[in-house]
Amino acid sequence: MAGLTHCKGGLGHSKDATAPAPVGELVPSSFLAAVVDALDLGPPVVISPSLSGMYSLPFLTARGSQLRGYVPVAPICTDKISAADYARVKTSALIVYGDQDPMGQTSFEHLKQLPNHRVLVMEGAGHPCYLDKPEEWHAGLLGFLQGLA
């Protein structure tokens, strides 16, 4: 367990944890790669709402990325990834956002460059669309995950 606490903040030490990058800046892809390796997960599906985009997007677009699937939910930092980097991603993605969330539309404008994506727009939902429309969120996510099998 000691190796795991080195890898992630928390476990009673959150106030002492140092973020790998300032909020709004991309975190090196090696950060999530180390977490996945330490947990021996194999190729994961990453669900990435809001601020977590600063972690997930570099991991998604890294050369040789081994994500099984990617579910961005109006993440930040989508404008920091080039069109060429989005275009070479082979991972299947389910782009999710609420139609009442301006950040969702903004992130979609960049994420739609992912070549293998589906879109779930939740009508009447805001930024935490999965909280506003949990049944729709679960149905959409389950359908996407079943399609990966």
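The values are calculated or read from the model by the stated rules, or taken from the named source; none is laboratory data. Treat the numbers as computed from the prediction; the structure is a model and nothing was measured. Ideal geometry is used to build each Cβ from the backbone, glycine not excepted, and the neighbour counts take in all protein chains shown.
When the test is whether a residue is in contact with a Lys or Arg (Cβ under 8 Å, 6 or more places away or on another chain) and of a type in the set (A, V, I, L, M), residue 71 does not pass it. Of all positions in the range 107-122, at least one carries a residue that is among the hydrophobic types (A, V, I, L, M, F, W, C), more than 23 Å from residue 67 (Cα to Cα) and surrounded by 19 or more Cβ atoms within 10 Å (Cβ to Cβ).
A quick yes/no check of all residues on (1) aromatic (Phe, Trp, Tyr); (2) in a helix (DSSP H, G or I); (3) modelled with pLDDT of 95 or more:
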{"site": "79", "(1), (2), (3)": "no, yes, yes"}
{"site": "84", "(1), (2), (3)": "no, yes, yes"}
{"site": "100", "(1), (2), (3)": "no, no, yes"}
{"site": "107", "(1), (2), (3)": "no, yes, yes"}
{"site": "137", "(1), (2), (3)": "yes, yes, yes"}
{"site": "142", "(1), (2), (3)": "no, yes, yes"}
{"site": "146", "(1), (2), (3)": "no, yes, yes"}
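Taken over the range 56-96, the criterion of being more than 15 Å from residue 28 (Cα to Cα), touching a Leu at 6+ places or on another chain (Cβ under 9 Å) and polar (S, T, N, Q) is satisfied by 91, 92.
Taking the range 124-149 as the range and being exposed (fewer than 15 other Cβ atoms within 10 Å of the Cβ) and either touching an Asp or Glu at 6+ places or on another chain (Cβ under 8 Å) or under 14 Å from residue 49 (Cβ atoms) (or both) as the test, the residues that pass are 124, 131, 134. Summed over the range 22-65, residues that are surrounded by 14 or more Cβ atoms within 10 Å (Cβ to Cβ) and in contact with a helix residue (DSSP H, G or I) (Cβ under 9 Å, 6 or more places away or on another chain) total 28. Can you confirm whether the range 46-59 contains a residue that is under 30 Å from residue 124 (Cα atoms), of a type in the set (Ser, Thr, Tyr) and either in contact (Cβ under 8 Å) with a residue 40 or more places away in the chain or in contact with a Cys (Cβ under 7 Å, 6 or more places away or on another chain) (or both)? Within the range 46-59 (the criterion being under 30 Å from residue 124 (Cα atoms), of a type in the set (Ser, Thr, Tyr) and either in contact (Cβ under 8 Å) with a residue 40 or more places away in the chain or in contact with a Cys (Cβ under 7 Å, 6 or more places away or on another chain) (or both)), the answer is yes, since at least one residue qualifies.
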